[in-house]
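Structure record follows, encoded as structure tokens.
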Amino acid sequence: MLITNLRIVLADRVIERGWLALEGGTIARVAEGAAPATPGRVVDGAGLIAIPGIIDLHGDMLEREVEPRPGAHFPLDVAIYELDKRLAAAGVTTAYAALAFWDHDDQEPVRRQALVCQLINEIHRLRDGLLTDLRVHARFEVSTPEVLPALGELLEAGKIELLSLMDHTPGQGQYRDIEHYIGFISKWRRVGREHVEAELRERLARAGSVAERWALARDVAALAAELGLPIASHDDDTPEKIDLVASLGARVAEFPVTLAAAAEARSRGMHVVMGAPNALRGASHSGNLSAREALDAGLVDCLAADYHPATLLHAAFAWADAGVLSLVAAIRLISAGPAAALGLPRLGSIAPEMQADLCLVEPGARPRVRATLRAGRPIYWDQGMWGRAG
């Protein structure tokens, strides 16, 4: 396939008018100017910007596809197929579905251990027929030892591609403010404050000390490291917490909740990830560190979907359009940045011999994804693209 008349975002510059030749799932050539006459399929990309396929290392959306409303459960294969289409239409070619290994009360049955294991097995059963490269990101809540046997079994079976370590015990981390935690959880689960307060007392009583909680993480992290998996930490709030997770082998800091934690992560060579919804909205929905504040401090390496995949593209273009970042730097946050954090050397940039994962974007007040290609094959191709193919 030859795609002509494109504006192309490379790793270090933008080609204002150029073309791409794709062969066998790989980018064969990238060049400036008019494309040569050639037999085969030619697509006119006039007015479009070519960026690398978007890589999302943390998206919580699959659980909501399974249970979009409380008590309304959909078949797991339906949930996976529908999220897959949604990701492709958002320009995402590689996605890590973040699934929680932790305990919850009856208000969130979708996060029960048995269902999470079923979801992971179903992803692997279906993955060869999916549009995107959908991978598994296991989020291990360190205060819940009961999930360790199932998590260890899945790790050893090769069904997890990214492990993150997290501690959501209220009073630290994401939920440093207990009152904010009670109000947020009450609203999120649609239950009374009394229910959340009672659950909180029970949870704090059995959580144990910080040292006891994190002792459980050492063996899990060692197993992940032995298997060659990237390890991330989640919602770190202090330099001391970064010191702890770094000692366990974490190389990715997801959603640090303070500037001090983000700065410490960067000083240790960790990849700092902020939420794309946070970046687009201009604030954290939970009242923690804003992505813009972290960016202004030079501490953001990647954006992640968190709970809304379309915000990856919109946040990157919004920062570029506002002059906060160059277009090259903004696109790096959703492509080369995540690829480096996850150890994906053939993804994340447009260059010869790289995998032909691409997103063709129509710029405007709100950028529109017009086509998404994975390994050179269209996985999303809207109505406007049909008239462009010769």
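The values are calculated or read from the model by the stated rules, or taken from the named source; none is laboratory data. Every value quoted in this text rests on a predicted model; they were computed, and no experiment measured them. Note that we place each Cβ from the backbone using ideal geometry, even for glycine, and neighbour counts take in every protein chain shown.
Of all residues in segment 134-187, which are at pLDDT below 80 and surrounded by fewer than 16 Cβ atoms within 10 Å (Cβ to Cβ)? Selection gives 171, 177, 178, 179, 180, 183, 187.
Of the residues in segment 119-147, how many are part of a loop (DSSP other than H, G, I, E, B), closer than 13 Å to residue 100 by Cα and of a type outside the set (S, T, N, Q)? The total comes to 1. Take the residues in segment 139-164 that are hydrophobic (A, V, I, L, M, F, W, C) and in contact with a Phe, Trp or Tyr (Cβ under 6 Å, 6 or more places away or on another chain); name whichever of them is nearest to residue 347 (Cα to Cα). Filtering first and then ranking leaves 162. Restricted to segment 50-105, and to residues that are out of contact with any Cys (no Cβ under 8 Å at 6 or more places or on another chain), hydroxyl-bearing (Ser, Thr, Tyr) and not in a helix (DSSP H, G or I), which residue is surrounded by the most Cβ atoms within 10 Å (Cβ to Cβ)? The selected residue is 96. Each residue in segment 69-95 was checked for being farther than 23 Å from residue 25 by Cα and in contact (Cβ under 8 Å) with a residue 60 or more places away in the chain, and 1 of them qualify. Residue count for segment 102-127, restricted to those that are modelled with pLDDT under 90 and farther than 13 Å from residue 66 by Cα: 8. Given the condition at pLDDT 95 or above and over 29 Å from residue 253 (Cα atoms), answer yes or no: does some residue in segment 86-94 qualify? No, segment 86-94 has no match at all. Answer yes if at least one residue in segment 37-51 is in contact (Cβ under 8 Å) with a residue 24 or more places away in the chain and within 26 Å of residue 272 (Cα to Cα), and no otherwise. Checking segment 37-51: at least one residue is in contact (Cβ under 8 Å) with a residue 24 or more places away in the chain and within 26 Å of residue 272 (Cα to Cα).
Conditions tested, residue by residue: (1) touching a residue at least 60 places away in the same chain (Cβ under 8 Å); (2) outside the structural domain of residue 237 (by TED's automatic domain parsing); (3) surrounded by fewer than 23 Cβ atoms within 10 Å (Cβ to Cβ).
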site	(1), (2), (3)
281	no, no, yes
314	no, no, yes
331	yes, no, no
334	yes, no, no
359	yes, yes, no
382	no, yes, yes
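Total residues in segment 200-241 satisfying the condition of being modelled with pLDDT of 65 or more, charged (D, E, K, R) and under 19 Å from residue 100 (Cα atoms): the figure is 5. On inspection, residue 310 fails the criterion of being more than 22 Å from residue 329 (Cβ to Cβ), under 18 Å from the mean Cα position of the chain (by Cα) and of a type in the set (A, V, I, L, M, F, W, C). When residues in segment 357-390 are screened for being part of a loop (DSSP other than H, G, I, E, B) and not aliphatic (A, V, I, L, M), 10 of them pass. The set of residues in segment 12-34 being more than 23 Å from residue 379 (Cβ to Cβ) and either part of a loop (DSSP other than H, G, I, E, B) or among the aliphatic types (A, V, I, L, M) (or both) consists of 12, 13, 14, 15, 31, 33, 34.
Restricting to segment 283-312, and then to whatever is on the phi > 0 side of the Ramachandran plot and part of a loop (DSSP other than H, G, I, E, B), can you tell me which residue is surrounded by the most Cβ atoms within 10 Å (Cβ to Cβ)? In this case the residue turns out to be 287.
Do we have any residue at all in segment 32-41 that's among the hydroxyl-bearing types (Ser, Thr, Tyr), at pLDDT below 95 and surrounded by fewer than 22 Cβ atoms within 10 Å (Cβ to Cβ)? Within segment 32-41 (the criterion being among the hydroxyl-bearing types (Ser, Thr, Tyr), at pLDDT below 95 and surrounded by fewer than 22 Cβ atoms within 10 Å (Cβ to Cβ)), the answer is yes, since at least one residue qualifies.
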